[in-house]
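The values are calculated or read from the model by the stated rules, or taken from the named source; none is laboratory data. Only a predicted model underlies this, so the values are computations on that prediction, with no experimental measurement involved. Note that we place each Cβ from the backbone using ideal geometry, even for glycine, and neighbour counts take in every protein chain shown. These area figures cover heavy atoms from the full protein model, side chains too; ligands, DNA and RNA do not enter into them. Shrake-Rupley method; radii C 1.70, N 1.55, O 1.52, S 1.80 Å.
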Amino acid sequence: MLTVILHNNDILRLVSFQKEMIKILNSEHCIFVQNYPLWIDTAPLTQLLEKKEEVDFQNITKDELKSISKRIKKIQILKPEFLKDDSLVSPVIFYTADDKKYQTSLVLLKKLSGKIQGKKNPPEKDLEQFPMDIKTFRLGTKTEQAFYKGGKLLGIKDSVWVTAR
């Protein structure tokens, strides 16, 4: 799976937002946790590969990653919203050099238990950073390995740094 790994500065901004939202949402009736790592799965970007056949992402080359990265003009993380399962998600839009848009999402918080009591919208001051334009990031191939007790160990096999135009 192709994945965008955000630059540390962007990760810090999102982590600060996550912490503020956890302070607001967590109570004795409800528990939220941060989603980590803050990687953006880029399934829609597979259409940017020149190959028409099925792509084996475990064996994608750095040249193919560079080819895809050259077509990305801009990434924008939009204002977060709650889904029906009460997870907090930000829509993410990829703008390409040929003026096409591809949309995916970034999960920021997951609800562990309980029911949200009262207002659950983020404060306006915390939303001022959205939409967040992402200029520098890594485009890589995510790997998953089995871990003890059913967990998964995530990693990045290959990646290239990208500076959007």
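Quick one: if the Förster radius is 41 Å, what FRET efficiency do Thr136 and Glu28 give, using the C-beta to C-beta distance and rounding to 0.05? Please report the intermediate quantities before stating the final value.
Working: r = 41 Å, r/R0 = 1.00.
Using R0 = 41 Å, I get an efficiency of 0.50.
Using modelled backbone amide H atoms (1.01 Å from N, in-plane), which distant-in-sequence or interchain residues come within less than 5 Å of Lys73's amide H?
Tyr95, Thr96, Ala97
Provide the gained length on full extension for the span Asn59 to Lys115, in nm with one decimal, where the gain is 0.36 nm per separating residue minus the Cα-Cα distance.
Working: separation 56, 0.36 × 56 = 20.16 nm, distance 4.32 nm.
Answer, rounded to one decimal: 15.8 nm.
Please compute the per residue accessible area over region 58-97 with all protein chains in place, 1.4 Å probe, rounded to a whole number of Å².
Details: 1900 Å² over 40 residues.
Per-residue accessible area for region 58-97 comes out at 48 Å².
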